[in-house]
């Protein structure tokens with residue numbers, strides 16, 4: 001009823017005017033607000049995408065609009081109107097009346113966003129009762145119906161499940177059910193799918209879109225993924241350093257960006273520039289068919305010490321990495337790609353099969369000391385976890401040289417300096433510690449440390465997936481340049497098919513521990529022979545057209 | 001899941017029984033078999049000589065002439081019949097000494113445990129959620145202060161205030177439940193510090209979890225969020241500590257019962273150790289270790305009721321399995 005009224009009066013569901021938010025109570029913080037001068041409207045049924053990198057203020061904006069700012073954050077300027085009601089300085093009690101009923105919230109991390117100690121069904125039923133949608137006696141049946149609506153398989157059974165018994169995608173469906181339980185007019189979704197696999201991501205976004213049409217919901221979609229914004233939003237707000245850089249119709253902004261920052265963002269999104277490294281590849285010419293890594297019938301099972309149940313992580317996996325190639329190992333979480341990488345790196349044992357790395361056949365049980373560290377190095381996803389927090393960068397970089405007794409102090413210093421230059425880091429960071437560096441800088445340090453031993457092979461385990469688009473773009477450029485200069489071979493593990501499409505020469509697709517297909521990247525990407533690969537490719541956002549205006 | 005829960009329960013019970021048995025074996029051999037025969041010593045004790053006739057009975061009863069293993073089997077058979085032996089100083093049966101002392105200590109320990117729970121709970125909630133930052137600060141400082149104050153000092157201060165100044169309770173006479181309150185408070189203050197501290201940490205951690213934001217976004221009030229969700233999520237380490245505390249309260253009764261002149265297990269222990277009354281010491285140690293093992297068992301069995309993930313996944317995945 002309220003919904004119809006606001007539509008009839010043509011009021012925006014959410015209206016933000018000249019908003020400024022500051023964290024911390026001190027006055028000097030007013031000079032560096034988390035948000036300043038932000039304005040936008042969301043009409044009924046409309047999807048507005050808020051795009052920006054980490055630190056751009058997009059999450060702050062979402063929290064401010066939903067009245068969920070943490071205790072140290074406050075609105076110092078501007079207005080927020082929710083369905084015509086001025087909510088700028090609402091206290092908790094007044095917000096509480098709006099939450100759930102007017103505004104639903106879908107969080108980023110589905111795994112941590114439900115009370116782990118309560119059955120998922122109860123958590124939904126609690127919302128239904130709380131908002132007077134259902135009486136206590138009928139809450140269960142209604143909740144089951146809603147679970148069914150959001151695509152939870154066997155909803156009756158799942159009602160009694162605990163959060164840890166469901167997958168990330170299923171949990172996100174539960175959270176969506178909770179968010180729409182009291183029929184709000186606006187959904188605020190903070191990176192709702194960035195913690196999920198691509199195929200799951202697509203199905204979740206489809207679900208949100210369906211519900212939007214069904215319940216005439218407006219959606220504030222916060223995302224770092226431009227391709228996703230392109231596909232799913234009507235209008236776009238680009239944020240950087242707490243200020244709006246550009247705003248407008250999604251199709252217009254994407255095809256003719258006016259702001260330099262937007263242009264940069266678009267250029268850096270791998271999905272929107274798939275042929276970025278084609279020139280580099282052409283210049284190199286075709287690769288000679290010399291294998292750098294050969295894997296045959298590799299099998300590995302994990303045994304649960306408690307139940308004695310065996311889980312097959314890798315089942316007769318076989319593929320060949322050509323010397324000088326970027327070989328992408330692609331698959332969803334649980335597909336076994338990290339296990340395979342750890343075995344290749346000589347860090348994990350395996351049950352049967354053969355693994356040959358640079359002409360050396362690996363034993364079933366790797367020795368404690370990694371003897372082929374100088375041939376092959378591993379770069380982890382999380383550089384902060386991979387670097388000793390107590391070491392300065394200089395110590396962290398000198399360590400591999402010391403362990404392998406390479407050169408004297410002066411020579412080590414020279415090669416550290418040369419490597420730093422290669423990875424584009426200033427010498428001034430040598431005295432700093434990992435925590436004082438940015439995510440991109442840390443990953444560069446990790447790469448520098450791997451390169452110091454002049455390996456032939458790098459195993460890169462999702463090296464850029466924790467980084468922002470532009471930082472990722474610079475790092476990928478660096479990796480491609482280093483490969484060219486040092487004649488390296490990469491085994492590149494990734495779940496991001498748009499990135500894989502940009503850089504890979506060869507692709508192996510893994511699913512539940514089996515190789516679905518393996519071969520040259522061009523062939524697999526253009527004409528996948530397996531339906532699973534086709535599904536993966538179809539799920540990559542940014543391939544479809546713009547969302548038509550509602 | 002029930003299968004996992006059953007095998008979990010069965011294993012924990014078996015472990016508990018094993019602990020109690022091993023403790024008995026260890027303590028028995030230390031007291032009776034190792035050089036320095038306690039019975040012979042007690043008989044020859046110049047300060048407290050035992051008449052020759054009584055000595056003979058004791059020597060016969062304990063079979064000191066037999067080998068250590070024989071003595072152990074005899075003791076074990078008697079234990080099975082509820083015979084814990086005789087005190088070397090008073091000659092009374094150990095079982096009746098213990099039975100006399102238990103109610104005193106039990107009243108004290110259980111009241112103290114109740115006080116501990118209330119004190120720790122109040123402090124932790126105030127430290128984490130009090131609206132005034134001054135109150136939060138004071139509440140956060142209390143556990144440290146409690147830890148730093150020895151319980152005999154707290155005991156003396158309480159006696160000073162309530163017995164000597166205000167005259168509410170007698171410092172010497174046993175006045176039933178009224179006499180339990182002061183020693184229980186002294187004990188509770190001593191042990192509630194760490195519990196409050198762990199609970200504060202747990203509450204702050206749980207309050208920072210993303211699910212709290214989602215609960216708030218759903219329109220739940222603060223009180224329901226804290227009492228209905230955050231508290232339970234914060235409780236596991238506190239339950240562990242509360243269980244261990246019960247053991248500590250029993251052990252701590254030695255000091256408190258002496259100060260407040262109560263004749264419970266603590267008093268009995270102190271007497272027995274001073275007089276080297278080995279059978280009584282053995283019985284007391286067994287009592288305490290059994291209670292300890294049982295509390296740990298009970299807390300372990302409570303975990304799955306609080307957190308369903310514990311029975312389902314008792315062993316954390318190894319690094320290998322966790323990746324990917």
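The values are calculated or read from the model by the stated rules, or taken from the named source; none is laboratory data. None of the values given here were measured: they were computed from a predicted structure. Neighbour counts run over all protein chains shown; Cβ positions are idealised from the backbone, glycine included.
Given the criteria assigned by TED's automatic domain parsing to the domain that holds residue A:229 and more than 18 Å from residue A:113 (Cα to Cα), does residue A:173 qualify?
Numbers: assigned by TED's automatic domain parsing to the domain that holds residue A:229: yes; more than 18 Å from residue A:113 (Cα to Cα): no.
Considered against the rule, which asks whether it is assigned by TED's automatic domain parsing to the domain that holds residue A:229 and more than 18 Å from residue A:113 (Cα to Cα), residue A:173 comes out as no.
I'd like the full set of residues that are surrounded by fewer than 20 Cβ atoms within 10 Å (Cβ to Cβ) and more than 9 Å from chain B (Cβ to nearest Cβ), limited to the stretch A:90-110.
Within the stretch A:90-110, A:90, A:91, A:94 qualify.
For the list (1) within 14 Å of chain A (Cβ to nearest Cβ); (2) touching a helix residue (DSSP H, G or I) at 6+ places or on another chain (Cβ under 6 Å); (3) more than 23 Å from residue B:115 (Cα to Cα), I need the number of the one condition that residue B:268 fails.
Residue B:268 satisfies all of (1) within 14 Å of chain A (Cβ to nearest Cβ); (2) touching a helix residue (DSSP H, G or I) at 6+ places or on another chain (Cβ under 6 Å); (3) more than 23 Å from residue B:115 (Cα to Cα) except (1).
Would you mind stating whether residue B:186 is surrounded by 22 or more Cβ atoms within 10 Å (Cβ to Cβ), at pLDDT 90 or above and away from chain A (no Cβ under 14 Å)?
Working: surrounded by 22 or more Cβ atoms within 10 Å (Cβ to Cβ): yes; at pLDDT 90 or above: no; away from chain A (no Cβ under 14 Å): yes.
So residue B:186 does not fit the description; no.
Given the stretch A:476-547, what helices (runs of 4 or more DSSP H) lie entirely inside it while holding 2 or more residues that are over 24 Å from residue A:439 (Cβ atoms)?
Working: elements: A:497-503, A:521-526, A:531-539.
Ranges flagged: A:521-526, A:531-539.
Looking at the stretch A:367-381, which of its residues are at pLDDT 85 or above and out of contact with any helix residue (DSSP H, G or I) (no Cβ under 6 Å at 6 or more places or on another chain)? Outline the logic, then answer.
Our first condition is that a residue be at pLDDT 85 or above; within the stretch A:367-381, this holds for A:375-380.
Within the stretch A:367-381, A:375, A:376, A:378 qualify.
Could you list, in sequence order, the residues of the stretch A:221-246 that are closer than 18 Å to residue A:38 by Cβ, touching a residue at least 40 places away in the same chain (Cβ under 8 Å) and in contact with a helix residue (DSSP H, G or I) (Cβ under 8 Å, 6 or more places away or on another chain)?
Looking only at the stretch A:221-246, we keep the residues that are closer than 18 Å to residue A:38 by Cβ, and these are A:221-224, A:229, A:233, A:235-246.
Next cut, touching a residue at least 40 places away in the same chain (Cβ under 8 Å) only: A:221-224, A:229, A:233, A:235-244.
Matches in the stretch A:221-246: A:221, A:222, A:223, A:224, A:229, A:233, A:235, A:236, A:238, A:239, A:240, A:242.
Please find, among B:239, B:226, B:191, the residue that is more than 30 Å from residue A:130 (Cα to Cα), within 14 Å of chain A (Cβ to nearest Cβ) and in a helix (DSSP H, G or I).
Working: B:226 fails: more than 30 Å from residue A:130 (Cα to Cα); B:191 fails: within 14 Å of chain A (Cβ to nearest Cβ).
Every option except B:239 fails the conditions.
Any idea how many residues of the stretch B:205-223 are more than 17 Å from residue A:95 (Cβ to Cβ), in a helix (DSSP H, G or I) and more than 7 Å from chain A (Cβ to nearest Cβ)?
Narrowing the stretch B:205-223 to residues more than 17 Å from residue A:95 (Cβ to Cβ): B:205-211.
Right, trim to in a helix (DSSP H, G or I) and you get B:205-207, B:210-211.
Among the residues that remain, those that are also more than 7 Å from chain A (Cβ to nearest Cβ) are: B:205-207.
Adding up the residues that qualify gives 3.
Hey, does the stretch B:167-182 have a residue that's surrounded by fewer than 17 Cβ atoms within 10 Å (Cβ to Cβ), over 28 Å from the mean Cα position of the chain (by Cα), away from chain A (no Cβ under 14 Å) and in a helix (DSSP H, G or I)? Let's see the steps before the verdict.
Within the stretch B:167-182, the subset surrounded by fewer than 17 Cβ atoms within 10 Å (Cβ to Cβ) is B:167-168, B:170-178.
Next, only the ones that are over 28 Å from the mean Cα position of the chain (by Cα) stay: B:167-168.
Keeping just the survivors that are away from chain A (no Cβ under 14 Å) gives B:167-168.
Add one more test, that the residue is in a helix (DSSP H, G or I), and what stays is none.
No, the conditions are met nowhere in the stretch B:167-182.
Could you please give the count of residues in the stretch A:158-172 that are within 14 Å of chain B (Cβ to nearest Cβ) and modelled with pLDDT under 90? Write out each step before concluding.
To start, the set of residues in the stretch A:158-172 that are within 14 Å of chain B (Cβ to nearest Cβ) comprises A:160-166, A:168, A:171-172.
From what is left, the residues that are modelled with pLDDT under 90 are A:164-166, A:168.
So the count comes out to 4.
Of these, A:393, A:416, which one is touching a residue at least 40 places away in the same chain (Cβ under 8 Å) and touching a helix residue (DSSP H, G or I) at 6+ places or on another chain (Cβ under 9 Å)?
Values: A:416 fails: touching a residue at least 40 places away in the same chain (Cβ under 8 Å).
When all the criteria are applied, what remains is A:393.
Could you grab me the full set of residues in the stretch A:41-75 that are touching a residue at least 60 places away in the same chain (Cβ under 8 Å) and assigned to a loop (DSSP other than H, G, I, E, B)?
Answer for the stretch A:41-75, where residues must be touching a residue at least 60 places away in the same chain (Cβ under 8 Å) and assigned to a loop (DSSP other than H, G, I, E, B): A:43, A:44, A:45, A:46, A:52, A:53, A:54, A:55, A:56, A:57, A:66.
Run residue A:293 past the list (1) surrounded by fewer than 20 Cβ atoms within 10 Å (Cβ to Cβ); (2) farther than 17 Å from residue A:224 by Cβ and report the number of the one that doesn't hold.
Checking residue A:293 against (1) surrounded by fewer than 20 Cβ atoms within 10 Å (Cβ to Cβ); (2) farther than 17 Å from residue A:224 by Cβ, the one that fails is (1).
I need the helices (runs of 4 or more DSSP H) fully contained in the stretch A:360-425, keeping only those with at least 3 residues that are in contact with a strand residue (DSSP E or B) (Cβ under 7 Å, 6 or more places away or on another chain).
Values: elements: A:383-386, A:393-403, A:409-422.
By residue number, no helices (runs of 4 or more DSSP H) qualify.
Given the condition more than 14 Å from every other protein chain (Cβ to nearest Cβ) and either buried (at least 23 other Cβ atoms within 10 Å of the Cβ) or assigned to a helix (DSSP H, G or I) (or both), answer yes or no: does some residue in the stretch A:283-290 qualify?
First pass over the stretch A:283-290, keeping only residues more than 14 Å from every other protein chain (Cβ to nearest Cβ): A:283-290.
Checking the rest, the ones that are also either buried (at least 23 other Cβ atoms within 10 Å of the Cβ) or assigned to a helix (DSSP H, G or I) (or both) come to A:283-284.
Looking through the stretch A:283-290, at least one residue is more than 14 Å from every other protein chain (Cβ to nearest Cβ) and either buried (at least 23 other Cβ atoms within 10 Å of the Cβ) or assigned to a helix (DSSP H, G or I) (or both).
Within the stretch A:76-89, identify whether any single residue is part of a strand (DSSP E or B) and either free of Cβ contacts under 8 Å to residues at least 40 places away in the same chain or within 9 Å of chain B (Cβ to nearest Cβ) (or both), and answer yes or no. Can you show your working first?
Our first condition is that a residue be part of a strand (DSSP E or B); within the stretch A:76-89, this holds for A:76-82, A:85-86.
Imposing the further condition that a residue be either free of Cβ contacts under 8 Å to residues at least 40 places away in the same chain or within 9 Å of chain B (Cβ to nearest Cβ) (or both) reduces the set to A:85-86.
Yes, some residue in the stretch A:76-89 is part of a strand (DSSP E or B) and either free of Cβ contacts under 8 Å to residues at least 40 places away in the same chain or within 9 Å of chain B (Cβ to nearest Cβ) (or both).
Counting just the residues of the stretch A:129-153 that are in contact with a helix residue (DSSP H, G or I) (Cβ under 9 Å, 6 or more places away or on another chain) and part of a loop (DSSP other than H, G, I, E, B), which one comes out nearest to the other protein chains (Cβ to nearest Cβ)?
My answer is A:133.
From (1) buried (at least 22 other Cβ atoms within 10 Å of the Cβ); (2) more than 9 Å from chain A (Cβ to nearest Cβ), pick out the condition that doesn't hold for residue B:202.
(1)
Within the stretch A:320-338, identify whether any single residue is within 14 Å of another protein chain (Cβ to nearest Cβ) and assigned to a strand (DSSP E or B), and answer yes or no.
First, the residues of the stretch A:320-338 that are within 14 Å of another protein chain (Cβ to nearest Cβ): A:329-338.
Now drop any that are not assigned to a strand (DSSP E or B), which leaves A:329-330.
Looking through the stretch A:320-338, at least one residue is within 14 Å of another protein chain (Cβ to nearest Cβ) and assigned to a strand (DSSP E or B).
Quick one: residue A:402 ticks every box in (1) touching a helix residue (DSSP H, G or I) at 6+ places or on another chain (Cβ under 6 Å); (2) not assigned by TED's automatic domain parsing to the domain that holds residue A:478 except a single one, so which number is it?
(1)
What's the number of the condition residue A:71 fails, among (1) under 28 Å from the mean Cα position of the chain (by Cα); (2) within 11 Å of another protein chain (Cβ to nearest Cβ); (3) at pLDDT 90 or above?
(3)
Scan the stretch A:175-192 and tell me whether some residue there is more than 23 Å from the chain's Cα centre (by Cα), surrounded by fewer than 20 Cβ atoms within 10 Å (Cβ to Cβ), under 19 Å from residue A:212 (Cα atoms) and in contact (Cβ under 8 Å) with a residue 24 or more places away in the chain.
Within the stretch A:175-192, one or more residues are more than 23 Å from the chain's Cα centre (by Cα), surrounded by fewer than 20 Cβ atoms within 10 Å (Cβ to Cβ), under 19 Å from residue A:212 (Cα atoms) and in contact (Cβ under 8 Å) with a residue 24 or more places away in the chain.
Per-residue answers, yes or no, for (1) assigned by TED's automatic domain parsing to the domain that holds residue B:193; (2) more than 13 Å from the chain's Cα centre (by Cα):
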residue	(1), (2)
B:94	no, yes
B:97	no, yes
B:108	yes, no
B:112	yes, no
B:116	yes, no
B:119	yes, yes
B:124	yes, yes
B:127	yes, yes
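Please state which one of A:314, A:347 is within 14 Å of another protein chain (Cβ to nearest Cβ) and free of Cβ contacts under 8 Å to residues at least 40 places away in the same chain. So that I can check it myself, show each step before the final result.
Details: A:314 fails: free of Cβ contacts under 8 Å to residues at least 40 places away in the same chain.
Testing whether each residue is within 14 Å of another protein chain (Cβ to nearest Cβ) and free of Cβ contacts under 8 Å to residues at least 40 places away in the same chain leaves just A:347.
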